[in-house]
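What follows is a set of notes on a single structure, which appears directly below.
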Amino acid sequence: QSGGSAVIDMENMDDTSGSSFEDMGEMHQRMKEEEEEEVEGDAGAAEEEDGEFLGMKGLRGQLGRQVADQMWQVGKRQASRAFSLYANIDILRPYFDVEPIQVRARLLESMIPVKMVNFPQKIAGELYGPLMLVFTLVAILLHGMKTSDTIIREGTLMGTAIGTCFGYWLGVSSFIYFLAYLCNAQITMVQMLSLLGYGLFGHCITLFVTYNIHFHSLFYIFWLGVGGLSTLRMVAVLVSRTVGHTQRLILCGTLAALHMLFLLYLHFAYHKVVEGILDTLEGPNILPFQRVARDIPVVSNAVLNTTAKAIALTL
Amino acid sequence: FPGLTDVSISEDIPVEGEITVPVGSHSPDEDFSTLDEPVRETIMRDLKAVGKKFVHVMYPKKSSALLRDWDLWGPLVLCVSLALMLQGGSADSRDDGGPQFAEVFVIIWFGAVVITLNSKLLGGTISFFQSLCVLGYCVLPLTVAMLVCRLVLLAGSGTISFIIRLIVVIAMFGWSTLASTAFLADSQPPNRKALVVYPIFLFYFVISWMILTFTPQ
């Protein structure tokens, strides 16, 4: 007998099914009440069919327990079926079916805008590459945040990076997918996720380079060049799948704006301290700046100092 | 009933199973018999198993001991010690170090779960907890690196100390990645090893970065 599990169910069942866990006094009381109810009539006693049906009040408790047990089994079976249906990671398996060669090819392709926009371009619905790119972006952001001394409370460092990157990838994908639905573009959600994910490759390259070499003009060159290339590719693919000038304009304008602005945001939000330091430099008399809040290793200090000197000399 | 007077079992009827004599070391009867042993023996057995796995990580040969009897005690101990050692390095003196402990924990376990899911989705034959076990145990070299870094930082925090710490952390990072690859890559189809190794590389890179940029108050 499933005494343990039946306890939970018994408490949730209505009182009319009879509980076998009451003490004897209460049971006697109930049996007396049952007798009185029987005398009055069975109209409202449909729920007490167990006892009434068999006419044997002594067995009502046992039947109640069996019914409770059965209900528990059915519930458990349904729950495990639902769990195995929704928590089954095999749903995602087809999206991870890639070879390393394919991933490399797609990474390089994401920087090359297609020329043919009259023919719908093929987008691979794959999630491995985009997911890895998002994690790489997170790692690069952490690297950048630590060297530019942005966040003092470390607890939010990881959370901010993960939240930003995943939020951008999932949120902007969904938004553009919604716009694509409005503008009648032929693209599925997985394809959109894949497209935007591979578009982050340009961001990764740009940020990786400019977090280590702090030239402002270098960043702008990279922003326009590398960011622009990956945006152009995404835009071209979307244009090839949309009909109508207004729709194309809306969709691609939004995507281009969001993508480029995101890169700008990533660079400048995590860069403010170095900016501030560069602003205080005057001419060739540059004092090597002291990091107060976090001890940046002396080697990268030296690199920053030399780049700062170089910038000041060119100004 | 004459047949019941003789209750011995005749020799030609095979009596299978381990009811009477625990012959196998993993028989279910073992639980029954280990109930009577002193607690010290139980703990020592678990500690020895964990220690053996540590040795396997430090000298990664292609053995399946780490995979066969997985346990999560080692990863827990390593994770907690790494998180404790990474405390107190915050820039803000008002920070009580609480978020750092949680941050390290979350990174290690969340990262390990993601890598495991990724390797399973790529067609790996390893089970969920086996993979968690391997990834957790391979944090051992990085914990050693953290210990060394702390000792080096006690001596001073100049350029020399940074270079020493950089070399140690890079070496241990390489060791961790190689060790976990040695255990995990075998369970993948041969042409997809690179796809599985890359997230592991990222994972240990993030942990190494946290160790390298740690500075005490």
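Please treat every number below as a calculation from the coordinates, not as lab data. Bear in mind that the values here come from a model prediction, so they are computed numbers and not experimental data. Reconstructed Cβ throughout: ideal geometry from the backbone, glycine too, with neighbour counts over all protein chains shown.
I'd like the FRET efficiency for B:LEU47 and B:ASN191, computed as 1/(1 + (r/R0)^6) with the beta carbon distance as r and R0 of 41 Å, rounded to 0.05. After rounding to 0.05, the efficiency reads 0.55. FRET efficiency for the B:LEU154 to B:TRP209 pair, using the beta carbon distance and R₀ = 25 Å, is estimated at 0.70. In the calculated pair-distance distribution of region A:192-268, the portion above 20 angstrom amounts to 32 percent of the Cα-Cα pairs. Each of B:PHE129 and A:PHE215 was given a label point 7 Å from its Cα along the Cα-to-Cβ line. The distance between the two points is 5.5 nm.
As a rough footprinting exposure proxy, the listed residues A:LEU193, A:LEU107 were ranked by other beta carbons within 10 Å of their own, and the order from fewest upward is A:LEU107, A:LEU193. Per-residue 3J(HN,Hα) values for region A:195-204, derived from phi via the Karplus relation 6.51 cos²θ - 1.76 cosθ + 1.60 with θ = phi - 60°, read 4, 5, x, 5, x, 6, 4, x, 4, 4 Hz in sequence order (x marks Gly and Pro).
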